[in-house]
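Notes follow the structure.
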Amino acid sequence: MNVAALPVAPMTTDAMPGGLLDAIECAIQTRGLRLHYGDVPALDGVDLDVPRHRVTALIGPSGCGKSSLLRCFNRLNDEIAECRVEGQVRVLDVDAYAPDVVLPDLRRRVGMVFQRPNPFPMPVLENVAFGLRLAGIRSRSEIEARVEAALRAAALWEEVRDRLERSALELSAGQQQRLVIARAIAVEPEVLLMDEPASMLDPISTLKFEELLVTLRAHYTVLLVTHNMQQAARVADYTAYMHGGRILEFDATERLFTNPRLRQTEDYITGKFLA
Ligand SMILES: Nc1ncnc2c1ncn2[C@@H]1O[C@H](COP(=O)(O)OP(=O)(O)OP(=O)(O)O)[C@@H](O)[C@H]1O
């Protein structure tokens with residue numbers, strides 16, 4: 001894969017208004033990204049720039065390829081038999097599909113949170129410490145300090161500080177999702193990929209989660225897949241509308257929701273879209 005050909009400043013594509021990201025550094029860039037499962041195409045030439053230290057929402061109808069795209073950025077698609085990826089994928093200034101990429105390093109820099117909270121069946125503390133121990137950190141005091149910092153960053157510390165030794169499975173779904181975010185944050189990633197992370201949460205947990213997203217932006221680049229238009233409008237700086245394996249429109253969230261350039265985008269965000 002030839003990422004040397006990628007320009008430093010983002011190219012303007014049909015999906016993106018000229019000049020929008022000129023002054024903004026990008027954490028992720030793709031050009032002509034195609035993905036097939038066997039003979040079935042799922043991504044059909046994705047050109048996307050994900051601005052650094054911003055929240056970018058990825059919206060679009062079911063089956064348009066949002067999760068497939070997200071999984072290219074930490075190479076989770078590698079685990080799927082018959083999945084084939086072509087095109088340019090540049091993540092944190094590295095060609096993510098270069099032969100010399102060390103997957104555990106890439107996945108440490110690019111954390112992922114899934115739809116269903118997936119804490120490990122072990123104590124709260126050990127969940128968050130898991131990646132730190134894998135990284136070879138042995139000092140108990142360092143582990144405890146970093147666990148506390150990650151739980152604070154995930155807005156969960158006050159709720160679990162007295163139950164660090166209790167099983168994570170005893171937490172509510174909303175708490176489990178924030179625990180999983182703490183686990184991802186503990187190893188200090190630079191990008192957080194989130195695949196419908198709030199879809200299983202009740203309104204109060206969703207609110208806490210959305211507040212958390214806004215604070216995370218100071219330190220992380222967040223790419224958020226969501227079916228919830230209000231959520232995208234509330235938390236995302238930028239929004240990409242995806243359809244049929246391509247990014248059809250990308251813009252500042254407020255502009256995309258108030259003045260979309262394409263009829264298809266408008267139909268989707270106003271609920272008129274029919275598959
Ligand atoms: N592991 C897989 N094996 C084969 N086909 C797959 C696999 N995962 C996804 N697909 C197909 O790829 C296409 C894109 O799926 P993907 O899950 O990326 O879409 P999505 O936009 O995330 O959908 P949703 O919003 O419903 O989660 C779909 O046609 C889907 O059936």
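The values are calculated or read from the model by the stated rules, or taken from the named source; none is laboratory data. It should be emphasised that the depicted structure is a prediction, and the values quoted were computed from it without experimental measurement. Please note: Cβ atoms are built from the backbone with ideal geometry, for glycine as well, and neighbour counts cover all protein chains shown. Only protein heavy atoms, including side chains, enter the accessible area calculation; ligands, DNA and RNA are left aside. Shrake-Rupley method; radii C 1.70, N 1.55, O 1.52, S 1.80 Å.
What order, most packed first, do the peptides 217-223, 202-208 have when packing is the mean number of other Cβ atoms within 10 Å of each residue?
Values: 217-223: 20.1, 202-208: 14.6.
Ranked from most to least packed, the peptides come out as 217-223, 202-208.
Using +1 at the Cβ of each Lys and Arg and -1 at the Cβ of each Asp and Glu in the chain, identify which of 185, 63, 240 lies farthest towards the dipole's positive end.
Among 185, 63, 240, the one farthest towards the positive end of the dipole of the chain is 185.
Would you mind calculating the relative contact order of the stretch 129-253 from Cα pairs under 8 angstrom and at least 6 residues apart, reporting the percent as a whole number?
20 percent
Between 268, 118, 36, whose Cα lies farthest towards the positive end of the dipole of the chain when Lys and Arg beta carbons carry +1 and Asp and Glu beta carbons carry -1, centred on the Cα centre?
Projecting each Cα onto the dipole axis, the largest value belongs to 118.
Nothing charged except the Cβ atoms of Lys and Arg (+1) and of Asp and Glu (-1): what's the magnitude of the dipole of the stretch 102-154 about its Cα centre? Round to the nearest 20 debye.
Taking the Cα centre of the stretch 102-154 as origin, the dipole is about 140 debye.
If packing is taken as the mean number of other Cβ atoms within 10 Å per residue, what is the order of 147-153, 119-125, 235-241, highest first?
In descending order of packing, they fall as 235-241, 147-153, 119-125.
Take the alpha carbon gyration tensor of the stretch 166-231, find the square roots of its eigenvalues, order them as a ≥ b ≥ c, and report rounded if a/c is under 1.5; if not, report prolate when a/b exceeds b/c, else oblate.
Cα axes put the stretch 166-231 in the oblate bin.
Express in whole angstrom the spacing between the alpha-carbon centres of the stretch 251-265 and the stretch 108-131.
About 35 Å separates the Cα centre of the stretch 251-265 from the one of the stretch 108-131.
How high is the FRET efficiency from residue 81 to residue 102, r the C-beta distance, R0 22 Å, rounded to 0.05? Display every interim value, and only then the final one.
Values: r = 22 Å, r/R0 = 1.00.
Step by step, r from the Cβ atoms, then E = 0.50.
Given contacts defined as C-alpha pairs under 8 Å and at least six residues apart, what's the relative contact order of the stretch 68-158, whole-number percent? Can you show the working numbers first?
Working: 39 pairs, mean separation 16.5, N = 91.
Relative contact order for the stretch 68-158 comes out at 18 percent.
Return one whole number: the accessible area per residue of the chain in Å², for a 1.4 Å probe.
46 Å²
Can you list residues from other chains, or at least 5 along the same chain, whose modelled amide H is less than 5 Å from the amide H of residue 246?
Long-range HN contacts for residue 246: 44.
Charges only on Cβ, +1 for Lys and Arg, -1 for Asp and Glu: so what's the dipole of the stretch 151-258 about the Cα centre, in debye to the nearest 20?
Roughly 80 debye, rounded to the nearest 20.
Springs between alpha-carbon atoms under 10 Å, Gaussian network over the chain: tell me which of 108, 138, 52 tops the mean-square fluctuations.
Highest fluctuation of the listed residues: 138.
Could you order peptides 189-196, 156-163 by the average number of other Cβ atoms within 10 Å of their residues, highest first? Working shown, then result.
Details: 189-196: 21.6, 156-163: 15.5.
With the highest mean Cβ count within 10 Å placed first, the list reads 189-196, 156-163.
Keeping the other protein chains in place, figure out the carbon and sulfur percent of the accessible area of the chain, with a 1.4 Å probe.
Within the chain, the accessible surface is 51 percent carbon and sulfur.
How far apart, in nanometres, would the label points at residue 258 and residue 229 be if each is projected 7 angstrom from Cα along the Cα-to-Cβ direction?
So the two model labels end up 1.6 nm from each other.
Let me know the charge dipole size of the chain about its Cα centre in debye, to the nearest 20, where only the beta-carbon of Lys, Arg (+1) and Asp, Glu (-1) is charged.
With Lys and Arg at +1 and Asp and Glu at -1, about 280 debye.
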